[in-house]
1. Place a +1 charge on the Cβ of each Lys and Arg in the chain and a -1 charge on the Cβ of each Asp and Glu, then give the dipole magnitude about the Cα centre in debye, rounded to the nearest 20.
2. Would you kindly state how much longer the chain becomes between residue 58 and residue 87 on full extension, computed as 0.36 nm times their sequence separation minus their alpha carbon distance, in nm to one decimal?
3. Dipole of the chain (Lys/Arg Cβ +1, Asp/Glu Cβ -1, origin at the Cα centre): which of 100, 113, 86 lies farthest to the positive side?
4. List every DSSP H helix in the chain whose Cα atoms extend 18 Å or more along the helix's own long axis and whose mean Kyte-Doolittle hydropathy is at least -0.5.
5. Only one of the listed values, (1) 15.7, 48; (2) 14.5, 44; (3) 17.1, 50, was derived from the coordinates as Rg and Dmax of the Cα atoms in Å; which label is it?
6. Given labels modelled 7 Å from the Cα in the Cβ direction, how far is it in nm from residue 2 to residue 46?
7. Among residues other than residue 65 whose Cβ falls under 14 Å from its Cβ, what is the net charge (Lys/Arg +1, Asp/Glu -1)?
8. Once the piece of chain linking residue 16 and residue 119 is laid out straight, how much longer is it, given 0.36 nm per residue of separation minus the C-alpha distance between them?
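Every number in this text was worked out from the coordinates using simple rules, so none of it is lab data. This structure is a prediction, so every number in the text was calculated from the model and none was measured. Cβ placement follows ideal geometry from the backbone for every residue including glycine, while neighbour counts extend to all protein chains displayed.
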Amino acid sequence: MRTVLNVIWLVLCGIWMALGYVLAGIICCLLIITIPFGIASFRMADFALWPFGRRLVKRPDAGAPSVIGNVIWIIFAGWWLALAHLTTAIAMAVTIIGIPLAVANIKLIPVSLVPLGRVIVPIGQNQGFPVNR
């Protein structure tokens, strides 16, 4: 079922959302000092392409630099990406088949707002990180 949802997601909105993250990542990498934001953006692009079967887990070693970085990210790129997820979720929720995809878009809003200090892991596996529900 995850594969079917991922393929439908990829065709309907995954490619476009991933392109948004890639664009943000390229801009961040061009500015040199914001390369950590670019790396996080590329990681989120991968998650936006294939979200079903994976989840976001907070890193226990993330500290003040992640918080400061997330505030900067929200101001410059996060709210644009979160708005794109919200808009896509509303469009997906119009049909019954699109409701699971709309829910997935809503679940991607937190990672679009605060990407630093988080890691993406397969569902059912926490790879040493505490479960964040």
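1. So the dipole magnitude of the chain works out to roughly 320 debye.
2. Contour length minus the Cα-Cα distance gives 7.9 nm.
3. Of the options given, the answer is 100.
4. 15-30, 35-49, 79-92, 99-113
5. Correct label is (2).
6. Distance between label points: 1.5 nm.
7. Around residue 65, the surrounding residues sum to +1.
8. Between residue 16 and residue 119, full extension yields 34.9 nm more.
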